[in-house]
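Step one of this worksheet: look at the structure below.
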Amino acid sequence: MFDFSVVTTWIDEGLRGIMPASGAIAIECVLIGVLLLAVYAVFALVLILAERKVCAAFQCRLGPNRVGPWGSIQTVADMVKIITKEIISIRHVDSFLHNLAPFLVIIASLLAFSCIPFAKGLQILDFNVGILFMVAASSIGIVGILLAGWSSNNKFSLIGAMRSGAQMISYELSIGLSIMTIVVLSGTMQISELVESQNDLWFIFKGHIPACIAFVVYLIAGTAETNRGPFDLPEAESELTAGYHTEYSGMHFGFYYVAEFVNMFIVAAIATTVFLGGWMPLHIPGLDAFNQAMDYIPSLVWFLAKSVVMVFVIMWFKWTFPRLRIDQLIRLEWKYLLPLNLVNLIVMVLIVALGWHF
Amino acid sequence: MSTIKSIIQEICPQAVFQETENAPVQVRLQAAELAKLLKPLREDAALQFDYLEDLVGMDFGEKLGVIYRLYSTVHNHRIIIECQAESRQEPELPTLSHIWAIANFYEREVFDFFGIHFIGHPDMRRLFLRSDHVGYPLRKDYDPASNPLKLDAECLPDDTSVYVDHDGKTQIEGHTLFEKDEYVVNIGPQHPATHGVLHFQVSLQGEIVKKVDVHCGYIHRGIEKMCESMTYPQTLAMTDRLDYLSAHQNRHALCACIEDAMGMEVPRRAQYIRVLMDELSRIQSHLLFYATFCMDLGALTPFFYGFRDREKILNIFEDTTGGRLIQNYNVIGGVARDLHPDFIKKTREFVEYLPGVLKEYHDVFTNNVIFRQRSKGIGLLSREQALSFGITGPTARASNLACDVRKHNPYSIYSEVLFKEVLYKNGDCLDRYMVRMDEIEQSLSIISQLLDKIPQGDYCAKTKPVIKLPEGRFFKSVETARGEFGVFIESRGEKYPYRLKFHPPCLPLVSVVDTLASGNKIADLITIGASLDYVVPDIDR
C-alpha cells in the first residue's frame, strides 16, 4: 500500500538540503497552510453540490443542471458570487464581536479538519492526544455561534444562539463518550495509531455490541453537533427565519455556510476513522488473499468512500425527518443518550478487561 | 319558533319581529334591551344559542348598527338580531365578547369599519386598518380623500382602550398589552411560517410563549367596500381573491346566494360540475396544507410531494377553466364554460393515483415518531372553545364539533352523494392534521361517485343582461377547505348590493392562536399556526 509519507519526507529532505532547518520548516508551514485552505474550500464546494443533488433526488427534482455538465460547477459560480457580495454593516451591533464570530467558527472547523487522516501518511496534525484535540478544537465553534447570536442585536439570533449553546454543549458529551468507548478498546488517543490498530479488523466489528451502540450514538450526536436537520433548531427556518446568522451577509454568512458543510464531513470522517477503520482497507483475519486484494485499492479511496457513505447517511436524516423541539432535543440527550453512553462505556471496559472482543 | 319569540318578548317587550316564512326568526332590538337579552340567549335551556355565526356591521342610512346571526347546535335553530346604535356621532352597543369569544375580533372589525364602540369590550383597537386611519371606511358618508397614502412605518402602540359604562356615561380606560420589560418578538409580517403577511407579536419567556397578539390587515383590500359599487356579476371576481385555495368554493357561495335570491334554477349539469370542482379544490387545498405543515415542522421533502400532486389538480383546472389558482369559473346561473373533453379521463386517473400516494405520505410523515411527539397533545382546542370561537371546518371537526355545511345544511347536490363527516376527538394538532388527510379520501369518494353520471344538458342557465336582486337580506354558506364561508347580501332592489359581507372561516382561526399557543414553546406556536391552516387574504379581505 502506497505510503504518502514518502512524498512528504522527500520534500522535507529536499528543502533541508538547500536551506537551514528553520527555513525549511517555515516554508513547509506556509505550504501546508495554503494546501489545507485549498482542500477545505474544495471539500466545501463539492459537499454543497452533493447536498443539492442528493436533496433534489429525495424531492423528485433535478437540482442544479445548467452550469457545467450536470451542474457540476454551479457551486463554483455561487462561490464567486458570494465572495463578491457586499458585507452589510448593521447599526447598533457590537461590530468587533459581530465580525469576529464567523472567523471563530471557521477556525474551529479548520483545526478539526487538519487532524483528519486522509490516507496512509497523509495527515497534518498527529500527536498522542490527537482525537481529544480534535473534539476540543471542533467545540470552539460554539463560541462563534454564541457570539454571533449575541452581537447581532436581533431577538431571533439570540434565541437561535441560546438554542445552539444548549444543544451543542449537551451533545458534545455524547460525542466525547462514544469516542471514549473506542479509545478504551484501542488503548490510544493518537489518530494514526487508532487507524493502524484497525489493521486486523475495524473497531465497529472488533468491539461488536458496545461499539455498534457507540457508533449509532455518535452518529446522532454528530448530526446534532453540526446543527443539521432534524437537529437544526438554532437556525430553524420556519421558526427563527435564519437563527444565529440572520444578520450576516456576504462572505461572513458564507463562512457559516461553508463551516456547516465541512463540519458535516468532519463528523463523517471521525466516524470513519474511529469506527470504520479510517483509510484502512477491509481486512478479515485469516483471509490473506482477500486482504491482499483489498490492499490494492488506494488508502485515499478507502477513506473517501467510507466518508461519502457517512455523509450520505447524514444528508438522508436531514431530508427525511421533521425537526425536533428544543425540550425533546435536550431530553433525548440527557435522559436517553447520555445514560446509555455511560453504561455502554462501562460495558466496553468490562469487555476489554475480560478480553471478550475480537 | 314561537318559543323563541315568547321568551324574547318576555325579556324585551319592545322587540319588533319580522314575519318571514321558512326563515329564521328576525328581531329588531334596542341596544339597552340587547344587553339584557345576551345571557338568556346563551344560557336559557330553550334557546342555547352557543354559536355566533356572524356579526355584520351595517350603515342603515340614518343609523349605524349590527346584525347578529346566532345558531344553536343543541336545538338546531337560528336567530337574526338587528340592533341599531342610538347616535351616529357616538354609536355605542353592548359587547358580546364575554359570552362568545369570537365576538372580540368581530367587534373590533366593526369598530374598525363603522366606528361603533362596544361597551365592555376588553380591547377596542382597529383590527385591519392602521391605528392612525381617519374615519370609518364602510360608512356610506366616508370620504376616501381623508386618508392620503402613508409611506411612514406604523408605530404599534403597547396599550389599548376599553369603553366602560359608568352609570349611563361612557368612559375610556387604558389597558396595557405588553409591559416595558417583556421580551416581545415579531413573527411576521414577513416570516416563513405565517403563510402570508400576518403579524404575531409574541411575548416570550425563554422558549415559552406567554401571549400572542395578532395584527391583521396587511393585505386588506376593502373588498366589501368595493363590492358596494359593483354590479353582481362584477362582485364574483372578488371572491376568488379571498381564500385563493378555496377560490372555487367561495365563488360558489356568492353565486348560490344570488341565485337563491333571484329564485333561479341552476341546471343539473352545472351543479355536478360545481361540486366536482369544489371537491377537487378541497383536495388541492388539503395537499397544500400537508406540504406546508410538513415544512413548518422542518420536514422539507414532503413539501415537494404535496406540491407535486397538487400540480395534477391544477392541470385539470387549467384545461377546463383556463386558470390554475384563480379559476373564475362559476357564474350566476351555472359555470362559465363546459368541461374539457379530457376532464373525466384525467380526473379518473387522478382519483386512482392519489390513494397510493396518500399511503406514502403516511409512511414518510404521519407515522414518524418525531412528528407524532411534536403534534400529539399540542394546542388542545376543546369542543366548547371551538364553539365559542366560532370555529368551523376541519379545525372544529378535529375537536369533535360536527359542523360540515355539506352534511348539516346541504346545498347543490351534496344531499345526493354519500360521504362521511370526518370527526376526531382530541382537538390537538395531530387530529387537525388527520382530519384533513381523511377528508381527502372522502372528497375522492365524492368525485368518483359523480364522475360517472354527469348529466347532459346546459352548463349555464340564461340570465338577464342586468341582474337585480329583490329587496331583502340573503344569506348562503358553503363548506370550503377551511370551514364555513358565508355570504350576506343586503339588497335594496338595485343592481348593486347595498352591503355585501363575506364571512371568512379564517378570522376565527387566527383569533384562537393566542389561546392555543400561550404556555407552549415557540416551535409549538408554529405547529399550531400550521395546523389551523389559515389563509391570510381570507382574513383580511
Next on the checklist: Can you find, within the range A:217-244, the residue that is farthest from A:Met348 (Cα to Cα) among those that are aliphatic (A, V, I, L, M) and within 16 Å of the chain's Cα centre (by Cα)?
Outcome noted: A:Ala224
Item to check | Wholly within the range B:169-237, strands (runs of 3 or more DSSP E) carrying at least 3 residues that are among the charged types (D, E, K, R) | outcome: B:208-215
Next on the checklist: Out of B:Ala153, B:Ala193, I need the residue that is surrounded by fewer than 16 Cβ atoms within 10 Å (Cβ to Cβ), of a type in the set (A, V, I, L, M) and closer than 30 Å to A:Leu158 by Cβ. Which one?
Outcome noted: B:Ala153
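Could you tell me which residue of the range B:197-209 is nearest to the other protein chains (Cβ to nearest Cβ), considering only residues that are touching a residue at least 40 places away in the same chain (Cβ under 8 Å) and buried (at least 17 other Cβ atoms within 10 Å of the Cβ)? I'd like the intermediate steps shown before the answer.
Taking the range B:197-209 and keeping what is touching a residue at least 40 places away in the same chain (Cβ under 8 Å), we get B:197-198, B:200-202, B:204, B:207-209.
Next, from what is left, pick out any that are buried (at least 17 other Cβ atoms within 10 Å of the Cβ): B:197-198, B:200-202, B:204, B:207, B:209.
Working: B:Val197: 15, B:Leu198: 14, B:Phe200: 12, B:Gln201: 12, B:Val202: 10, B:Leu204: 8, B:Glu207: 6, B:Val209: 11 Å.
The selected residue is B:Glu207.
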Next on the checklist: Just to be sure I understand the filter: pairs with C-beta atoms under 9 Å, separated by 6 or more residues or on different chains, first member in the range A:242-261 and over 20 Å from B:Gln190 (Cα atoms), second member outside any helix (DSSP H, G or I) and among the hydroxyl-bearing types (Ser, Thr, Tyr). Which pairs pass?
Outcome noted: A:Gly254/A:Tyr248; A:Phe255/A:Tyr248; A:Tyr256/A:Tyr248; A:Glu260/A:Thr226; A:Phe261/A:Thr226
Checklist entry - Within the range B:519-541, can you find the residues that are in contact with a helix residue (DSSP H, G or I) (Cβ under 6 Å, 6 or more places away or on another chain) and within 14 Å of chain A (Cβ to nearest Cβ)? => result B:Ile522, B:Ala523, B:Leu525, B:Ile526, B:Thr527, B:Ile528, B:Ala530, B:Ser531
Checklist entry - Which one is farthest from B:Ala256 (Cα to Cα) among residues in the range B:419-434 that are surrounded by fewer than 22 Cβ atoms within 10 Å (Cβ to Cβ) and touching a residue at least 24 places away in the same chain (Cβ under 8 Å)? => result B:Asn426
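Residues that are basic (Lys, Arg), crowded, with 17+ Cβ neighbours inside 10 Å and modelled with pLDDT under 85: list the strands (runs of 3 or more DSSP E) wholly contained in the range B:53-135 that include at least 1 such residues.
Values: elements: B:64-71, B:78-84, B:92-94, B:117-119.
Per the criteria, B:78-84.
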Checklist entry - Which number in (1) touching a Phe, Trp or Tyr at 6+ places or on another chain (Cβ under 8 Å); (2) more than 14 Å from chain B (Cβ to nearest Cβ); (3) closer than 30 Å to A:Ile90 by Cβ marks the one condition that A:Leu329 misses? => result (2)
Checklist entry - When you go through (1) out of contact with any Asp or Glu (no Cβ under 7 Å at 6 or more places or on another chain); (2) among the hydrophobic types (A, V, I, L, M, F, W, C); (3) within 14 Å of chain A (Cβ to nearest Cβ) one by one for B:Ile344, which number turns out not to apply? => result (3)
Item to check | Residue, nearest to the other protein chains (Cβ to nearest Cβ), within the range B:470-518, restricted to residues that are over 20 Å from B:Arg69 (Cβ atoms) and out of contact with any strand residue (DSSP E or B) (no Cβ under 7 Å at 6 or more places or on another chain) | outcome: B:Leu516
Item to check | Of residues in the range A:274-326 being assigned to a helix (DSSP H, G or I) and small (Gly, Ala, Ser), the one farthest from the other protein chains (Cβ to nearest Cβ) | outcome: A:Ala289
Checklist entry - Among the residues of the range A:279-290, is any without any contact (Cβ under 8 Å) to a residue 40 or more places away in the chain, over 25 Å from A:Met79 (Cα atoms) and under 14 Å from the mean Cα position of the chain (by Cα)? => result no
Item to check | Unmet criterion (only one of (1) in a loop (DSSP other than H, G, I, E, B); (2) surrounded by 16 or more Cβ atoms within 10 Å (Cβ to Cβ); (3) within 14 Å of another protein chain (Cβ to nearest Cβ)) for B:Leu242 | outcome: (3)
Checklist entry - Hey, any hits in the range A:111-128 for a residue that's hydroxyl-bearing (Ser, Thr, Tyr) and in a helix (DSSP H, G or I)? => result no
Item to check | Whichever residue in the range A:332-358 is closer than 21 Å to A:Ser164 by Cβ and surrounded by fewer than 19 Cβ atoms within 10 Å (Cβ to Cβ) and, among such residues, is farthest from the other protein chains (Cβ to nearest Cβ) | outcome: A:Leu338
Item to check | Selected residue [within 14 Å of another protein chain (Cβ to nearest Cβ), among the hydrophobic types (A, V, I, L, M, F, W, C) and part of a helix (DSSP H, G or I)] from B:Phe350, B:Phe317, B:Phe371 | outcome: B:Phe371
Next on the checklist: Looking at the range B:72-92, I want the residues that are in contact (Cβ under 8 Å) with a residue 24 or more places away in the chain and within 18 Å of B:Lys36 (Cα to Cα) and have a partner that is charged (D, E, K, R) and buried (at least 20 other Cβ atoms within 10 Å of the Cβ) with Cβ atoms under 7 Å, at least 6 apart or on another chain. Which pairs are those?
Outcome noted: B:Ile80/B:Arg69
Item to check | Search result, residues across the range B:413-436 that are in a helix (DSSP H, G or I) and touching a helix residue (DSSP H, G or I) at 6+ places or on another chain (Cβ under 7 Å) | outcome: B:Tyr414, B:Cys429, B:Leu430, B:Asp431, B:Arg432, B:Tyr433, B:Val435, B:Arg436
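The values are calculated or read from the model by the stated rules, or taken from the named source; none is laboratory data. Worth saying up front: this structure is predicted, and the values here are computed from it rather than measured. No Cβ is skipped: glycine too gets one built from the backbone with ideal geometry, and neighbour counts run over all protein chains shown.
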